[in-house]
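Report on one structure; see the data block that follows.
Taken together, the values in this text are just the output of simple stated rules run on the coordinates, not laboratory data. Keep in mind the model is a prediction, meaning the values are calculated, not measured. With ideal geometry, Cβ positions are generated from the backbone for all residues, glycine too; neighbour counts draw on all protein chains shown.
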Amino acid sequence: MESVVTLIAAPGGELDAGIVAETTARLNALGAETGRPDWLAPNRACDLGFDGLSPDQADAAVRMALEGQAIDVVAQRTQGRRKRLLIADMDSTIVTSETLTDVAEAAGKADVIAAITDRVMRGELNFEESLRERVAMLAGLSATALEHAYQGIEVSPGAEILVRTMAAAGAVTALVSGGFTYFTSRIAERLGFHINMANEFVIEDGELTGRVVEPILGRTAKYDALVRLAAENGLSLADTAAIGDGANDLEMIQAAGLGCAYRGKPILREAARVKLDHADLTGLLFAQGLREDAFVTERA
């Protein structure tokens, strides 16, 4: 069939045949012809092919039918749903925290920096200017605080499976962050990303100077990285997937063939066509039609 809607639940599974039947009935009521359900993972993810409606029409109808249920909905054309380039944000996406705030704990500035970061991610402040402001608050902090912060970082559920499964399928994977290479380089190696890009602290005599190496990798740079990496690998933007949570991910997510807001801030959720509000990061694999038994769960 020309289009498919994928229903995705959180790990543990709240997806059942009744929910799939409800989805089928809703699409049929709007004049769509539907295929047989194809379970990608028991109680977690199911594909339902359809014809006769646009993906946008199906997406809106199914979301309305399942309102209040902890199920993510992804409707799209069937052709080209497997992506060959993944670009992922780091903070609050691939890892659960904001790493600059983690560093700020050692300086006693975590609350004020977290408050500024939240406004940035909501699109209320300029990213580049606010990054300079936040880093300036850390002037004089021992660089050992970076290692301490790294040791406390938690990886988001499903992150390593997402990266390693896409890489095993031949996709290029890139961690592109407005954070710092101290963290992206380590997280990239830990999870199997091919590429990492981020900002750099200026460190002198073992202390943070309060400055960032210019130019700053921010909102526009993420979009530029998507376009450049696609071109370098002979791909169209339709062949790409991008995932993030905040305002500085907006342009890359709108440009990618599969642009996804993961626990997105309101400004991103409103703009992103694909949203993972309940599923873990393996939801981006289910959205591409991959089955759970094909997931790569360990390092090669």
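Counting DSSP beta bridges with both partners in the chain, what percentage is antiparallel, nearest 5?
Roughly 55 percent of the DSSP beta bridges within the chain come out antiparallel.
The local environment of M166, defined by Cβ-Cβ distances under 10 Å, has a net charge of +4 under the rule Lys, Arg +1 and Asp, Glu -1. Taking GluC sites (Glu not before Pro) across region 115-162, the ones in a DSSP loop with at most 14 further Cβ atoms lying within 10 angstrom of their Cβ are E124, E154. For the chain, adding -39500 (n - 2.57) for each run of n ≥ 4 DSSP H residues and dividing by the number of residues yields -10500 deg cm²/dmol at 222 nm.
Dipole check for the chain: with +1 at the C-beta of Lys and Arg, -1 at the C-beta of Asp and Glu, and the Cα centre as origin, the magnitude is about 580 Debye. Scoring 289-295, 134-140 by mean Cβ neighbours within 10 Å over their residues and listing the highest first yields 134-140, 289-295.
Check the chain and count each lysine pair with an alpha-carbon distance under 20 angstrom, considering only pairs eight or more places apart or from different chains.
5
Hey, got a sec? Which GluC sites (Glu not before Pro) in region 36-119 land in a DSSP loop and have at most 10 other Cβ atoms within 10 Å?
On the way: sites: E67, E98, E105; in loops: E67, E98.
The qualifying sites are E67.
Cα centroid separation, region 1-64 to region 107-179: 35 Å. From the alpha carbon centroid of region 84-105 to that of region 263-300 is 16 Å.
Which order do the peptides 276-283, 110-117 come out in when sorted by mean C-beta neighbours inside 10 angstrom, highest first? Walk me through the numbers before you get to the answer.
Details: 276-283: 22.1, 110-117: 16.8.
My ranking of the peptides, most packed first, is 276-283, 110-117.
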